[in-house]
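Shown next, in structure tokens, is the structure this report addresses.
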Amino acid sequence: MPGYAVLDLETTGFSPRRGDRIVEIGVVLLDGRGRGQGEWGTLVQPGRSVGATAVHRITEQDVAGAPTMEQIAGRLVEQLRGRLVVAHNASFDVPFLDAELRRAGVPLPGPMMPRACTMRLGRALLHPRPATFKLADCCRATGVGLHHAHSALGDARATAELFRVYMGITDGLGVPAPWERELGPAEDYPWPVGLVGPDDAPLLPRP
């Protein structure tokens, strides 16, 4: 497995179809054995109200100087290229990101980028099962620290550590990892091609 990109998003709401946008991105890069290869995060100017500040604690002032998705799309895709995207509740994060990249004009072939979900995997791998499979409960059940919850990079770091726990569980059982069985070799993933390269818009991490 060439590697993983562990992703978390903070958004203005729940539906890109209804105009909701990304306000923060956090990415943690892992190699095929789960070892860290870097991380980055940025606030994103959504071009609309930031939404639920009470949840993500991001204000209009925070994103005033942040790059737009169009400005960072090339850089982001270069980070994701050739990697399996991992997220907690990937059925939310990955379609949201997919919609944003298409809106930014990134030519994504195929219906959806490949992903693995640490929430879904928790249902199969965690015993005893936690009360719920929210990120905080899965982290508590596995002894993973969750710092700066509801910040994109804080949640991405915790998700990456949780994913490493899952890798250890499958290694201990001596069985193929579920994400590898389901998705196949990463080199077969339909990644965008032809981008010039990472954009040079300055990132704006959360203070």
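The values are calculated or read from the model by the stated rules, or taken from the named source; none is laboratory data. On a predicted model such as this, the values are computed, not experimentally measured, just so you know. Using ideal geometry, Cβ is built from the backbone for each residue, glycine included, and neighbour counts are taken over all protein chains shown. Quick note on the areas: whole protein, heavy atoms, side chains included, nothing else; ligands and nucleic acids left out. Shrake-Rupley method; radii C 1.70, N 1.55, O 1.52, S 1.80 Å.
Would you be able to say whether some residue in region 72-87 is open to solvent by 50 Å² or more (accessible area, probe 1.4 Å) and under 23 Å from F14 (Cα atoms)? No, the conditions are met nowhere in region 72-87. If you go through region 104-126 and keep only what is open to solvent by 60 Å² or more (accessible area, probe 1.4 Å) and modelled with pLDDT of 90 or more, you end up with R120, R123.
Of all the listed residues (I22, I58), the sole one being closer than 28 Å to C138 by Cα, over 17 Å from the mean Cα position of the chain (by Cα), of a type in the set (V, I, T) and surrounded by 19 or more Cβ atoms within 10 Å (Cβ to Cβ) is I58.
For first residues located in region 73-87 and without any contact (Cβ under 8 Å) to a residue 60 or more places away in the chain, partners that are outside any strand (DSSP E or B) and surrounded by 19 or more Cβ atoms within 10 Å (Cβ to Cβ) and lie 6+ apart or on another chain with Cβ distances below 8 Å form the pairs L76/L101.
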